[in-house]
Structures are given as structure tokens and as C-alpha cells.
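Notes follow once the structure below has been shown.
Coordinate-derived values only; no laboratory data. The structure displayed is predicted, hence computed values, not measured ones. Counting neighbours? That spans all protein chains shown, and the Cβs are built from the backbone with ideal geometry, glycine included.
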Amino acid sequence: MLNITLPDGSVRQFVDGATGYDVAAAISEGLARNAVGVRVDGEVRDLHRPIEHDAQVAILTWNDDDGKMAFWHSSAHVLAEALEALYPGVKLGIGPAIENGFYYDIDLGEGRTISSEDFPEIEKKMLELARQKSKFERRAVSKAEAVAYFTEKADPYKLDLLERLDDGSITFYQQGNFVDLCRGPHLPDTATIKAVKLLNVAGAYWRGDEKNKQLTRIYGITFPKAKELTEYLEKLEEAKRRDHRKLGKELELFAFSEKVGAGLPLWLPKGTMLREKLEQFLRRAQVKAGYQPVVTPHIGSKELYVTSGHYEKYGADSFQPIKTPNPGEEFFLKPMNCPHHCEIYKTKPRSYRDLPVRLAEFGTVYRYEQSGELHGLTRVRGFTQDDAHIFCRPDQVKEEFTKVIDLVLYVFRALGFQDFTAQISLRDPENKAKYIGSDENWDKAEQAIIESAAEKGLTTVTELGEAAFYGPKLDFMVRDALGRKWQLGTVQVDYNLPERFDLEYVASDNSRQRPVMIHRAPFGSLERFVAVLIEHCAGNFPLWLSPEQFAVLPISEKYHDYAQQVYDRLMAAELRGTVDHRDEKIGRKIRDAEVSKVPYMLIVGEKEQENGIVSVRKHGEGDVGSMPIDSFIKSFETQVAALMDGAAQ
């Protein structure tokens, strides 16, 4: 008999060879009907695959992230099957599930192309195949058998994949007459796929290498109900309206120039104001938390990054070295701030009484991203990190880590990010060569993160293999207003850079000890954070952050002087805004201010001038009444104070 431990901690017994479906059926008929996969001791598997030993088991449905991955991975196979039927001779690359849907990379052969005009025919074929209710059948094969199969099909991409696989670890999946090289897992059968939409087509180099052939990548998404597809497409349209590249241009926040260079954003006056307010907000919080500001150069010697390990791990992603007239002297544009902060720590002897030392910098770094991967502000070549590094004693790690979590939560609350998960990113135990440092230090660092997250009551997921090369981390995965997931803030524990830089402090017994280093960045990078914030709030920034908090709109030229008086009074109270002196009708001025998402429009005419008041309109809501200027200022300040007090609680 098998002892199966369920997520609620209960244990049930099943006969040897029982499957995930058997477990689901024993729980309820409805669960068995909706099950799409099973998690066995953390491994996601096919629902009908036998469970070989006592295990912790969770049944997966469409509502689980892993369930969606199995659903979309299966859908990618159905897409490939449809393409083979419609485009005889097509060669298949890879077809994984992604965060929203799936894609398949294909080689159509010379002279053939696919465009969005072909999508309806492919979608129709996919639904036709799905209705056949073909089972996804898993079969282990030898490497020789797999090579023979794809040699007969003359598929060079599958053969290339097979070269990197070990004999005894290879599986095929088959549905209907379609066979693919795949680890799985998959749905029980194709019938669950009820709604299909192909989204776009793009070019993709095989294995992401520009030296390889460019394949055709087809993106799609599927759902178990047509209604869910309709809702998704509506969200997609809303996402287009919220696109930070579109709003960034309309709101005059940032721009890009080919002459300046791809991936190097230019911050316009309003965008610069937004950045500065974010920086000021975090600087104030950091000062209260005991951080000391520092500034480091935009370049560093090659030797600095060799010592830190960044050259070995990231040298290929860096800009080419800067050579000087001095033979053998090389500098790099700074890819990370942490090596510079290690050198600041070393500028004087440190005692155990001096720790923790908290160094903070809004430091701009540079990484050479491939041109095809650049995307607005979310993927750039030059970006500013709200970086800080805490050097502390081992007995202080947990307390410092917990304080950083508090700071990240404060930032999220102030900016309206309420739906997030903390991802505990650990080392891949099967591939320790990717990382530097001893097992002992890694174990201590990972345990500190796990305990701190638990004590703060965070909703967490654990991901093996997602740690930085020098240490484990806690990544905050935020869902925006459209339910999309973004990685923003991060906190990392590092026992290794202090070792590599020979950092020390004098302990209470006068011995020399290594400090522990905590890396943290609540925003992550200002560029990416601003992009996500724009799309999250659709350009309607929190009142305290808005680049323009008000616009004074005189009804006609006669009231320009009074409008200027109102403006001067508001600016004296440290509000931010403009006066619209254009020779336009008031209706046009209001519409333009609405489009620019200015929170408050203050309309002034004869009545307002005579009574020393302003008529107030609120963006998206309309008229809110007339009031004295000082009353408006007091109301404004009360709103901002309430927002910040709520974030601090």
C-alpha cells in the first residue's frame, strides 16, 4: 500500500501503482473531473502516471499555475500537430508553455511563411484535433530509437536536442498520430482544450543564437472555456491601452533616440520629476532605517569584476572593455554596484560594534542586452538600481533581512501593489557548478531567507535554480491591475563576495571575522519599476507621485493674472503643476488636462477671481465644487498624508 499525504496534512492509503487520477477520484468526483495533472513530492506529472512510493501529493486543476503550464504545454503539442497537417514537411524546434500561453518554433522551409492571416485556419484545425479527445501517452525510449525516429523525419532541430540528452532520460509523448520529444507533463487528453487563439508570429534564432537559423515562432493561448478566452482578449486590449511605451510618449515621460543608442532611455522633464520623487521617497525611508548614501563611478577596472566573479559569469553580457593608452589597462562599464560597495567597506578597519554597515546608492549600471530582447523600459541596456548592501555579523543576518522585507512592503503599499508573492530562489542542488561558495555558507543563507519569510507571514513559493550565482534570494513577484506577474523587489544573502574581497571585522574576542553581505533593491531598477507602475495605474499615478498634480485653467486671457496668482500660491505650498495660458476654449483645456491625466484642474474666471476661490475638477470624476485656495491645499495635503500613513502601517 502507498501512504499518500495530501496538502491538508491528511494521509490516505492507496494500492501500489495508484495514479493521481485515483487520488483525485477518492477525494471527490468533481476534483477528478477537473484535474489536469498531479504534483508528486514537488514534481509535476501526468495525472495517469503511477505513483511508485509513499509521497506528498497535490492534485492540479486549471486554477493552479502548474496546472495552466501543463494545459498550455499540451496545447503547444496540438499546435504542432495542426501545423504538420497543414504544412507538410514543417520542421519542429521547441514548444514550451510560458506565463500566458505557449509558443512553438518551426522551420517552414524555403519560400513558405505564416502570417496572422493564416491564424483562423490553424485555430480551426487545432479545435478539430482537440475534439478528437486524443490521449497524451508518455513513452520512455532509448537514445538510439529517438535518433532513428527523427532521422527518418529529417528533423535537424530534434536531433540537435537529442545530442545533449543522456540515454535513459528520453521520453516521447504521442497524441493521435503526432509524436514529439518531450519531458512533459501533459493533460490526460486533448478534449479539455475548448478555446484557442493564436496571438502573433515572430522570428526567433534557434537556441537564441544569432549565428543559427532564424525560425518562425508562433504564440498562442488556450482555455478550458470560451468565456475565459473572451475575458483574456478584453484584458489584452486593456493592456495595449496601458502599454508603458504608449503612455510614456503621450504623458511625455521618456523617449528613445537611435542616435543615442538602442536600450538607452532619455528621461524627459515630467519623467525625471517622477524618477526624482521615487528616489526622494526611498531616500527618506532609507535614512530612517540607518542607511548611508554613497556614490560610485560608472566604470571599474577589469580586475574589480574578476575578483567579484561578475566577469566570469556576466562578461559575455557586458559592453566591450574600455582600453586606455596604458598597455594592458582595461575598464568596463559597471554591470553591478556591489563590487564598488565592497571596496567602500574596505576603506577603514571595522569592529563588530560598527556593524551593520548599510550603504545605499541609486547606481546606474550597464549590460549589453541583445537588440531583439530590448523592450521599452522593461529591458534596457542602461538602468538605475535602488541598490544597497548591508554588511553585518552572522548573528544579525535574520534581523537585517526582516527589516529589508519591511522596507519592501512599505514601498509596495505606498504605490498600490497589493497582490504579490515572495519567491524564495534557491540553488539548483543538481548543478552546483553554476554557483560560488561553500555548501555550509549556502545552507546558512538559504535558511535565513526561509525563516525570515515565514516570520513575516509572506505568501511564498520556492524555486530551485533561480538563485544568484553568489547567493540565494527573495524575489517579490507582483501582480498588476491586469493580473500580470512582474519581478520587482529583491533581497539576497551573500557569504561569498565578502570572501572574495577579503572583507573583515574585528570580533569581540579580537579575532578577524568575515561579515555577511545582504543585497537589496525594493524597486529593482527604476526603469522597470516605472514601466510596471505606468501599466498598473494606467498613468494615473498616486497623488504624491504625479509629475503634474494640478493644472490652473483660466477661462480667458482676462484671468491670466489671477491664474498666475493661484499657481504661485500652490507652488509656494510645494505642489507641482502648470498654468494653461493657451488661447483655447475652456472645454479644450479640460479635455487636454484629462488626457494628460492631471489629478486636479483648477478653473478660474470672473466668479473665482472676485471671491478668491478656484473651481475644482478631479480627473475622471468631474466637478467637485468651489473652494478657497488654502482649503484646496489643505485638502490636498490631507489626501497625501493619508496615503503615506496607510503605507507606513
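Modelled label-to-label distance, residue 558 and residue 116, 7 Å Cα→beta-carbon offset: nm?
It works out to 5.2 nm between the two label points.
Please find the FRET efficiency linking residue 166 to residue 49, where r is the Cβ-Cβ separation and R0 is fixed at 22 Å, and quote it to the nearest 0.05.
Values: r = 21 Å, r/R0 = 0.94.
Rounded to the nearest 0.05, the efficiency is 0.60.
How much net charge surrounds residue 468 when only the other residues with a Cβ under 11 Å from the Cβ of residue 468 are counted, with Lys and Arg +1 and Asp and Glu -1?
+1
Among 256-267, 612-623, 91-102, what's the highest-first ranking by average C-beta atoms within 10 angstrom per residue?
Top to bottom by mean Cβ count within 10 Å: 91-102, 612-623, 256-267.
Please work out the Cα center distance from region 13-81 to region 187-234, rounded to the nearest Å.
Rounded to whole Å, the Cα centres lie 22 Å apart.
Subtracting the Cα-Cα distance from 0.36 nm times the residue separation, let me have the gained length for residue 29 to residue 246 in nm, one decimal.
Numbers: separation 217, 0.36 × 217 = 78.12 nm, distance 4.81 nm.
Full-extension gain reported as 73.3 nm.
Once you charge only the Cβ atoms, +1 for Lys and Arg and -1 for Asp and Glu, what is the size of the charge dipole of region 54-111 about its Cα centre, to the nearest 20 debye?
Computed about the Cα centre, the dipole is about 120 debye.
Starting from the Cα gyration tensor of region 66-232, take the square roots of the eigenvalues, sort them a ≥ b ≥ c, and report rounded, prolate or oblate (rounded when a/c is under 1.5, otherwise prolate if a/b is larger than b/c, else oblate).
oblate
Using a 10 Å cut-off around each Cβ, can you sort 227, 158 from fewest to most neighbouring Cβ atoms?
The most exposed by this proxy come first: 227, 158.
7 Å from Cα along Cα→Cβ at both residue 433 and residue 283: what's the point-to-point distance in nm?
4.7
Please report, in debye to the nearest 20, how large the charge dipole of region 550-648 is about its Cα centre when each Lys and Arg carries +1 at its beta carbon and each Asp and Glu carries -1 there.
Working: 13 positive and 17 negative charges, 54 e Å.
Rounded to the nearest 20 debye, it is 260 debye.
Dividing the Cα radius of gyration by the Kirkwood radius, what Rg/Rh value follows for region 320-445?
Numbers: Rg = 18.5 Å, Rh = 18.4 Å.
Rg/Rh: 1.00.
Based on the alpha-carbon gyration tensor of region 2-61 and its eigenvalue square roots a ≥ b ≥ c, which shape applies: rounded if a/c is under 1.5, prolate if not and a/b is larger than b/c, or oblate?
Taking the square roots of the gyration eigenvalues as a ≥ b ≥ c, region 2-61 is rounded.
How much length is gained on full extension from residue 369 to residue 258, taking 0.36 nm per residue of separation minus their Cα-Cα distance?
Full extension from residue 369 to residue 258 adds 38.4 nm.
Along the Cα-to-Cβ line of residue 131, 7 Å from the Cα, sits a label point; which residues in region 57-81 have backbone N less than 17 Å from it?
Backbone N within reach: 79.
By Kyte-Doolittle mean hydropathy of at least 0.0 and Cα axial length of at least 27 Å, which whole DSSP H helices of the chain are selected?
The qualifying helices are 65-86, 629-648.
At a Förster radius of 56 Å, what calculated FRET efficiency corresponds to the Cβ-Cβ distance of residue 447 and residue 152, to the nearest 0.05? Intermediate results must be reported in sequence, preceding the final value.
On the way: r = 52 Å, r/R0 = 0.92.
For residue 447 and residue 152, the calculated efficiency is 0.60.
Check the straight Cα-Cα distances from residue 585 and name the lysines below 20 Å, setting aside those fewer than 8 residues away within the same chain.
558, 597, 607, 618
What is the local net charge at residue 331, summed over the other residues whose Cβ is closer than 11 Å to its Cβ (Lys, Arg +1; Asp, Glu -1)?
The answer is 0.
Calculated FRET efficiency, residue 316 and residue 482, Cβ-Cβ r, R0 30 Å, to nearest 0.05?
0.30
Between region 392-408 and region 566-585, what's the alpha-carbon centroid distance in Å?
One Cα centre to the other: 45 Å.
Multiply the residue gap between residue 508 and residue 582 by 0.36 nm, knock off their C-alpha separation, and tell me the result in nm, one decimal place.
Answer, rounded to one decimal: 19.6 nm.
Counting Lys and Arg as +1 and Asp and Glu as -1, each charge on the Cβ, what is the dipole of the chain about the Cα centre in debye, to the nearest 20?
The calculation lands at about 820 debye.
Give the order of 36, 411 when sorted by the count of other beta carbons within 10 angstrom, beginning with the fewest.
411, 36
Label-point separation (nm) for residue 228 and residue 209, each offset 7 Å from Cα along Cα-to-Cβ?
My value for the distance between the label points is 3.8 nm.
What's the exposure ranking of 69, 601, 571, going from fewest to most Cβ atoms within 10 Å? Mind dumping the intermediate values first?
Values: 69 20, 601 25, 571 12.
With the fewest neighbours first, 69, 601, 571 line up as 571, 69, 601.
Towards the positive end of the charge dipole of region 476-553, with charges on Cβ (+1 Lys, Arg; -1 Asp, Glu), say which of 546, 496, 483 has the farthest Cα.
Toward the positive end, the furthest listed residue is 483.
Which entry is the computed Cα extents along the principal axes in Å for this structure: (1) 84, 83, 56; (2) 87, 71, 62; (3) 77, 49, 48?
The listed entry that was calculated here is (2).
Of the cross-linked pairs 68/135; 288/313; 227/456; 135/240; 313/473; 225/473, which ones have a Cα-Cα span greater than 28 Å in the structure shown? Write down the numbers at each step before the final one.
Values: 68/135 18 Å; 288/313 35 Å; 227/456 38 Å; 135/240 37 Å; 313/473 17 Å; 225/473 37 Å.
Cα-Cα > 28 Å for 288/313; 227/456; 135/240; 225/473; rest within.
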